Each structure stands twice: as structure tokens, then as C-alpha cells.
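I have placed the structure first, in the form of C-alpha cells, so that the comments after it can refer back to it.
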Amino acid sequence: NDILLDYIRFVEAYGPALYEVVYESTLPYIVQHRGIELGKPIVVYNNEIVCISVKNTIIRVGDLLIAETANPTRPYLACEIQELQVDKIPYEEVPANPDGVDIGMRVLFNAKGNQFFFLVPKRVR
């Protein structure tokens with residue numbers, strides 16, 4: 001039983017770690033084939049609020065925000081957008097605006113001002 005429990009603990013740790021490695025290795029392909037270029041941020045607050053000026057793009061809570069980093073060991077970071085704000089007012093969705101709009105997006109990864117950002121819309125059914 002002890003050996004079996006050791007195997008179970010190993011698989012419980014190995015499975016999520018393997019998923020993370022595979023997921024991060026797919027991010028360049030996701031950016032290339034589905035990513036919408038947002039560019040550099042206006043400012044990043046507390047490494048979690050990314051403020052970007054966006055034109056003609058719908059952004060929703062739950063869309064994937066991907067950051068291209070300068071770190072060769074982790075060239076991309078990604079997570080779903082947790083919260084959107086325009087002029088300190090929260091939104092679930094910010095519609096496309098031809099004139100552009102400044103949007104604040106809260107993310108769970110360590111965002112930096114020198115990163116380049118991409119948006120991958122979640123699939124709407």
C-alpha cells in the first residue's frame with residue numbers, strides 16, 4: 001500500500017506539471033494562428049492590471065490574454081482575463097470601438113510594461 005500511495009502522489013504532482021509544460025509550449029502556435037495583436041501596454045499596475053488602448057476589438061472577461069516576454073525560458077505567459085474596466089467602471093464585455101478605448105484588464109500572471117500582448121477570444125457558442 002505504501003508503494004502504491006507513493007505512485008499516486010507522484011502522478012498527482014507529475015500530471016499538472018506535464019500539462020503546464022505542454023500548454024506553455026503551445027502558446028506560440030496559439031498566438032500565431034488565433035492571436036489578435038494588442039501591442040505594448042500603456043501602463044501595468046501591480047503586475048496584474050494591464051492597461052491597453054484597443055481599436056476595433058471586442059474583449060470579454062474570460063478571453064485569453066497572452067504576454068510575450070523577454071525571458072527565453074518562459075517566452076509566453078497566459079491566463080483568462082479576470083476583470084475588465086473602462087474609466088474605473090467594470091464590464092463583462094467591451095464592444096469594438098473604431099475610435100479606440102483604453103481598457104484595464106486584470107490577469108493572474110506577472111505582467112510587465114515591457115511585454116507585448118495578444119488576445120485570443122474565447123469561443124462563443
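The values are calculated or read from the model by the stated rules, or taken from the named source; none is laboratory data. Remember, predicted model here, so these are calculated numbers, not experimental data. Cβ placement follows ideal geometry from the backbone for every residue including glycine, while neighbour counts extend to all protein chains displayed. Side chains are part of the model used for accessible areas, which takes the heavy atoms of the whole protein and leaves out ligands, DNA and RNA. Shrake-Rupley method; radii C 1.70, N 1.55, O 1.52, S 1.80 Å.
General observations
- Subset tally (residues that are closer than 15 Å to PHE117 by Cα and surrounded by 18 or more Cβ atoms within 10 Å (Cβ to Cβ)) for the stretch 76-89: 4
- Comparison of THR73, THR57 shows that the only residue that is of a type in the set (S, T, N, Q) and either open to solvent by less than 30 Å² (accessible area, probe 1.4 Å) or in contact with a Ser or Thr (Cβ under 8 Å, 6 or more places away or on another chain) (or both) is THR57.
- Filter result for GLU92 (open to solvent by 30 Å² or more (accessible area, probe 1.4 Å), under 30 Å from VAL21 (Cβ atoms), out of contact with any helix residue (DSSP H, G or I) (no Cβ under 6 Å at 6 or more places or on another chain) and acidic (Asp, Glu)): no
- Candidates ILE81, ILE103, ILE3, ILE52, filtered to the one that is modelled with pLDDT under 95 and β-branched (Val, Ile, Thr): ILE3
- Filter pass, TYR14 being modelled with pLDDT of 95 or more, loosely packed, with under 12 Cβ neighbours inside 10 Å, over 16 Å from the mean Cα position of the chain (by Cα) and in a helix (DSSP H, G or I): yes
- Scoring LYS122 on the criteria (1) free of Cβ contacts under 8 Å to residues at least 24 places away in the same chain; (2) of a type outside the set (Val, Ile, Thr); (3) surrounded by fewer than 14 Cβ atoms within 10 Å (Cβ to Cβ); (4) touching a strand residue (DSSP E or B) at 6+ places or on another chain (Cβ under 8 Å) leaves a single failure, condition (1).
- Members of the stretch 57-75 found to be within 14 Å of GLY113 (Cα to Cα) and modelled with pLDDT under 95, listed by number: THR69, ALA70, ASN71
- Checking each residue in the stretch 17-42 for being open to solvent by 50 Å² or more (accessible area, probe 1.4 Å) and among the aliphatic types (A, V, I, L, M) picks out ALA17, LEU18, VAL21, VAL22, ILE36, ILE42.
- Flag for LEU27 being over 18 Å from VAL107 (Cα atoms) and either among the aliphatic types (A, V, I, L, M) or in contact with an Asp or Glu (Cβ under 9 Å, 6 or more places away or on another chain) (or both): no
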